[in-house]
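Participant: The following block contains the structure, expressed as structure tokens.
The values are calculated or read from the model by the stated rules, or taken from the named source; none is laboratory data. Quick caveat: nothing in here was measured; it's all calculated off a predicted structure. Note: ideal-geometry Cβ built from the backbone for every residue, glycine included; neighbour counts use all protein chains shown. These area figures cover heavy atoms from the full protein model, side chains too; ligands, DNA and RNA do not enter into them. Shrake-Rupley method; radii C 1.70, N 1.55, O 1.52, S 1.80 Å.
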Amino acid sequence: MADDIFKALADPTRRTILDELTERSGQTLFELCGRLTMKHQLGMSRQAVSQHLAVLEGAGLVRSRREGRYKFHDIDPEPLRHIAERWIGPDTKDGTP
Amino acid sequence: MRIHLNSVFVDSQVKALDFYTNVLGFVKKHDIPLGEPVDEQRWLTVVSPEDPEGTELVLEPSGHPAVGPYKEALVQDGIPATAFAVDDVRAEYERLRKLGVRFTQEPLTMGPVTTAVLDDTCGNLIQIQQLR
């Protein structure tokens, strides 16, 4: 599981996809492609973006949901918490220094 | 050469005429019966009231067997069938949302363009865009 997450995060395009999904969760493939092209000059095919999304989904970092005839993509940052806690430990904000 | 027509395949011409005129605000230009059923086999076009002699949008029947899968695949990925220009995407978004229009993409500014994507209730997504 952790290997999948590190592999997913190793690619700069996939990190950009996560950035954009953080800005607005629940995007169609069309919106994501537009953001990558217009904001990041990452002009790649829809198929390539789909493949990146599939890797992120495999790592549990993105979830796709069907809503009627539409398909939206949401970020799920939860798996990253385990990675952070592995070395930093659980979040102890407002706790003892 | 000029671009005179653009077309969208609509699930129902009756429903489409209502949406494209009463909701989006276009006006009917041509309505010529072409076959049976008379309500759904028409040469039906609308134009913008801001440009009544301009490009016509054909509201075309979806009868061909390839049309259904084509539209379904585009809608699933959020891809608009066509795009219309507006002066203010955010204002249109607010106006249309109050009329019950469903958006698959809320207003988004990317460099020189602001866009949003809405469902035409007839099997298509439509992009509205504003160039600054």
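Participant: Using modelled amide H (1.01 Å from N, peptide plane; none on Pro or chain starts), what sits under 5 Å from the amide H of B:SER62, excluding residues fewer than 5 places away?
Facilitator: Counting only residues 5 or more places away or on other chains, the set is B:VAL10.
Participant: Just going by the charge dipole of the stretch B:5-131, with Lys and Arg at +1 and Asp and Glu at -1 on Cβ, which of B:GLN105, B:GLN41, B:PHE84 is farthest out on the positive end?
Facilitator: Of the candidates, B:GLN105 comes out farthest on the positive side.
Participant: With angles folded into 0 to 90 degrees, how steeply does helix B:67-76 sit against the dominant principal axis of chain B? Use alpha carbons for both and round to 10.
Facilitator: For B:67-76 against chain B, the angle is about 10 degrees.
Participant: Assigning unit charges at the beta carbon (Lys, Arg +1; Asp, Glu -1) and nothing else, what dipole magnitude in debye, to the nearest 20, does chain A show about its Cα centre?
Facilitator: With Lys and Arg at +1 and Asp and Glu at -1, about 400 debye.
Participant: Additional query: How crowded by other chains is A:66-78, given as the mean number of beta carbons from other chains within 10 Å of each beta carbon?
Facilitator: Shielding by partners across A:66-78 averages 3.
Participant: Then there is this: To the nearest whole number, what is the average tally of beta carbon atoms from other chains within 10 Å of the beta carbons of peptide B:68-78?
Facilitator: Across the residues of B:68-78, the mean count of other-chain Cβ atoms within 10 Å is 4.
Participant: Sticking with this one: Can you tell me the equivalent ellipsoid semi-axes for chain B? Use √(5λ) from the Cα gyration tensor, largest first, whole Å.
Facilitator: So the equivalent ellipsoid measures 24, 17, 14 Å along its semi-axes.
Participant: Separate question: For chain A, set up a GNM with springs between Cα atoms under 10 Å and report which of A:GLU23, A:GLU78, A:GLU67 has the largest fluctuation.
Facilitator: For chain A, modelled as a Gaussian network with Cα springs under 10 Å, the answer is A:GLU67.
Participant: Most mobile of B:VAL117, B:VAL58, B:VAL38 per a Gaussian network model of chain B (Cα springs, under 10 Å)?
Facilitator: Of the options given, B:VAL38 has the highest mean-square fluctuation.
Participant: Peptides B:7-19, A:47-59: what's the order by average Cβ count within 10 Å, highest mean first?
Facilitator: The densest-packed peptide leads the list: B:7-19, A:47-59.
Participant: Here's something else I'd like to know. Subtract the Cα-Cα distance of B:GLU72 and B:VAL23 from 0.36 nm times their separation in residues, and report this length gain in nm to one decimal.
Facilitator: Contour length minus the Cα-Cα distance gives 15.4 nm.
Participant: Any idea what angle helix B:89-98 forms with the longest principal axis of chain B, computed on alpha-carbon atoms, 0 to 90 degrees, nearest 10?
Facilitator: The answer is roughly 60 degrees.
Participant: Tell me, what % of the accessible area of the stretch B:1-127 is carbon and sulfur with a 1.4 angstrom probe?
Facilitator: 54 percent
Participant: May I ask you to order B:45-53, B:74-82 by the average number of other C-beta atoms within 10 Å around their residues, highest value first?
Facilitator: By packing density, highest mean first, the sequence is B:74-82, B:45-53.
Participant: Which of B:TYR20, B:TYR70, B:TYR93 ends up with the largest GNM mean-square fluctuation for chain B, with Cα atoms connected below 10 Å?
Facilitator: Result for chain B, Cα springs under 10 Å: B:TYR70 fluctuates most.
Participant: Go through A:LEU18, A:VAL49, A:GLY60 and say which Cα lies farthest out towards the positive end of the charge dipole of the stretch A:2-87; charges sit on Cβ, +1 for Lys and Arg, -1 for Asp and Glu.
Facilitator: Highest projection toward the positive end goes to A:VAL49.
Participant: Please report the Cα spread of the stretch B:77-124 along all three principal axes, rounded to whole Å, starting with the longest.
Facilitator: 30, 24, 15
Participant: Right, here's the next one. Nearest 100 Å² is fine: what is the total accessible surface buried where chains B and A meet, probe 1.4 Å?
Facilitator: In total, this chain pair buries about 1600 Å².
Participant: Using all C-alpha to C-alpha distances in the protein assembly as shown, build P(r) with 5 Å bins and read off the rounded percent in each one.
Facilitator: It works out to 1, 6, 12, 15, 15, 13, 11, 8, 6, 4, 3, 2, 1, 1, 0, 0, in whole percents.
Participant: Tell me the relative contact order for the stretch B:5-131 as a rounded percent, counting alpha carbon contacts under 8 Å between residues six or more apart.
Facilitator: With pairs under 8 Å counted, the relative contact order is 25 percent.
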